[in-house]
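The values are calculated or read from the model by the stated rules, or taken from the named source; none is laboratory data. Model, not experiment: these values are computed from the prediction. No Cβ is skipped: glycine too gets one built from the backbone with ideal geometry, and neighbour counts run over all protein chains shown.
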Amino acid sequence: MANLSLQNISKQYDYKVILQDVSLHIHEGERIAIVGRNGAGKSTLLKILSGEVEPDEGTRMQEGDLEIKHLIQKPHFKAGQTAKEAILEALESLNLARVRYFEVAKQLQEIPEDKALLREYAELSSLIDHHNAWDLESKVKQVLETFALEPLQDRFVNLLSGGEQKRVALACLLLTKPDILLLDEPTNHLDVQMVEFLESMLLRANFTLVFISHDRYFIDRIATRVVEVEEGRLRHFKGGYSDYLHQKEALLLSLAKSHETLLKHLKAEEEWLARGVRARVKRNEGRKERLMQMRQEAKSNPSIIRKMTLELERERKHFNQEEGVNRKKMLFETKNLGVEMGGKVLIRDFTTRILQCNKIAIVGRNGAGKSTLLKLFLGQIKPTSGSIECGEVKIGYFDQHRENLDDSKDLLETFCPFGGDHIEVRGKSMHIFGYLKNFLFPREFLDKKIGALSGGEKNRVALALLFTKSYDCLILDEPTNDLDIPTINILEEYLQSFEGTIIFVSHDRYFVDKIAQKLYVFRGNGEVMESHKSFSEYLEIESELREYQALSAELDSQNTAKDSKESRNSQNPNAKKTKLSYHQKRLLEILPQEIEALEMEIKELEKALFSGDLSTQELQEKSVEFEAKKALCEEKIMQYLELEEKESQL
């Protein structure tokens, strides 16, 4: 049982109260999202759960010998260790368990009634089953490919970038299955494809999970409960992010009128998300229905797959034909633009026009060239081929490294370099505190040095500074990194009301859906595609195309096997196709139920073997029964698969 509890926990650092008399109970199979402002205590809560930090008051309780793994925001690795060595080290205990399992199995053939060996055999089998470690090689290969770690496996892991180290750490954790998995911002620095793989792996493996994230789609898909940390207290909300918004709104409605502004933002956020969720559900249902229908039709007419693929590709490339006659001011124009760096083609033959008030998201895999395109617009680099023209445009730039901030200055000096305490924002004079309050900074932060702020706080300062200036175009490189959800909501509000052009790079699907009107998609090998679909729609089309490709390959494989069989039969005129007998058809119907019943019996026997309540005689009998049931179950599975294959060939 993966049960872990915190009872009446309190924690403070210096004079700041982080958690005050809070309780949290984690049940097996739960996936809990921790949300709240930066500095509210989310990471401290995870560290208390993991046992890394002791609370000042209260009790941490766990049932049995729980295995708890914790992914921190900045993972640590041994000096001189390669990425491959780090991954192999994470799997060492499972590899040893597999080796020992086969040794014990061999010994049991010689002495089948040895009680100690039977018990060890059952324990090892259960351990390997729990971690799904029977075929570690293919599991390792899948994770390495998906997290793009194969080119990095022989490099020293401590010399990799923060994003690359995060991918190595995630691979190490996901290749095992601890009783409880704690993740601090797991999607930071991951591109969309890796985030989607992470989502599917966490759901498929049914992890018991507690995680911190600002990725609202990730929370909505993964979480079964949301826990909000606010002013040292915990609030619990059932379901994912959309459920959290609905329940939080209901909660705030019962509070004082001082929450009216927050309610307004929250209601707008909930309405926007609800529209997106309904649309996604409708599209997904339609997609599944189309795919199931096509599977049937494709058996008799494989050309349908090609037709559907072409239709999807046309939909994916949905260009706005009216833009060629748009009379808006032109900011940038590229013609046959090409960029090559270090022998790698990042951009090939890219032609586009960016007009006044365009809202454009640049998306694609890490390392594809997205930030390079931003540097071209900024004039920081020159293209290898083609041309880029820039109109008279005043650009505001936000980068991931916050290079426009001076660590030696405090907030007042940063915003009012020439003295005073007022700034002009969009033509209005505002007191510096009144403005910074919108970005969640309390008054006591005004004389705080930039260098003393956290990464998320520095990002908030950089964004607040950006919106005090007058620009025609904002260029933003990963603006939501290290921001909490309340700050992202503020950023979205400012961007939606900005009357100029916005060009930004982001992996945050929710943020892109909410802000972008158009996508520049880096598809690899230098191809940059323009699309007017929402990011979610584009990703769903990509997913459907991959399913069509897999189906096409599956049918090609079946046709090849069929042609080979027909060729053999033509060489053997006596060979006859025989229909399934009544008995075989009956077996096809009843075997799934029999297999399911056997699997339930095996689970019950496994529980009994580990209960510690059996006598020596009972333990021996149950062990023999356990092995017999497993063998029978495997035999029935093989029988069912053979009959199913035979039926498909008729």
Leading residue by the ranking (farthest from K382 (Cα to Cα)) among those in the stretch 326-366 that are in contact (Cβ under 8 Å) with a residue 60 or more places away in the chain and part of a loop (DSSP other than H, G, I, E, B): C357
Members of the stretch 379-416 that are under 24 Å from M341 (Cα atoms), in contact with a Phe, Trp or Tyr (Cβ under 8 Å, 6 or more places away or on another chain) and surrounded by 14 or more Cβ atoms within 10 Å (Cβ to Cβ): G386, I388, C390
Test for L91: is it under 19 Å from H27 (Cβ atoms) and surrounded by 18 or more Cβ atoms within 10 Å (Cβ to Cβ): no
Subset of the stretch 1-26 [under 30 Å from L127 (Cβ atoms) and without any contact (Cβ under 8 Å) to a residue 40 or more places away in the chain]: H25
Which listed residue is among the hydrophobic types (A, V, I, L, M, F, W, C), crowded, with 19+ Cβ neighbours inside 10 Å and not assigned by TED's automatic domain parsing to the domain that holds K370, from L136, L173: L173
Residue satisfying all of: in the stretch 92-111; modelled with pLDDT of 80 or more and polar (S, T, N, Q); farthest from the chain's Cα centre (by Cα) among these: Q107
Selection status of I450, within 32 Å of the chain's Cα centre (by Cα) and in contact (Cβ under 8 Å) with a residue 40 or more places away in the chain: yes
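Is it the case, given these coordinates, that E164 is part of a helix (DSSP H, G or I) and over 30 Å from A79 (Cβ atoms)? Show your work before the answer.
On the way: part of a helix (DSSP H, G or I): yes; over 30 Å from A79 (Cβ atoms): no.
No, not satisfied.
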Tabulated pairs, the stretch 37-62, first more than 12 Å from V22 (Cα to Cα) and outside the structural domain of I488 (by TED's automatic domain parsing), second assigned to a helix (DSSP H, G or I) and at pLDDT 90 or above, C-beta under 8 angstrom, 6+ apart or interchain: V53/T44; V53/K47; E54/I48
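Out of the stretch 167-219, which residues are acidic (D, E), under 26 Å from L491 (Cα atoms) and assigned to a loop (DSSP other than H, G, I, E, B)?
Across the stretch 167-219, the qualifying residues are E185, D191, D215.
If you take just the strands (runs of 3 or more DSSP E) that sit entirely in the stretch 467-563, which of them hold at least 1 residues that are surrounded by fewer than 19 Cβ atoms within 10 Å (Cβ to Cβ) and touching a residue at least 60 places away in the same chain (Cβ under 8 Å)?
Answer list for the stretch 467-563: 518-524, 527-531.
Tally the residues that are in a loop (DSSP other than H, G, I, E, B) and closer than 22 Å to H214 by Cα, restricting the search to the stretch 30-51.
Here is the first cut: in the stretch 30-51, the residues in a loop (DSSP other than H, G, I, E, B) are 30, 36-41, 51.
Checking the rest, the ones that are also closer than 22 Å to H214 by Cα come to 30, 36-41.
Selection size over the stretch 30-51: 7.
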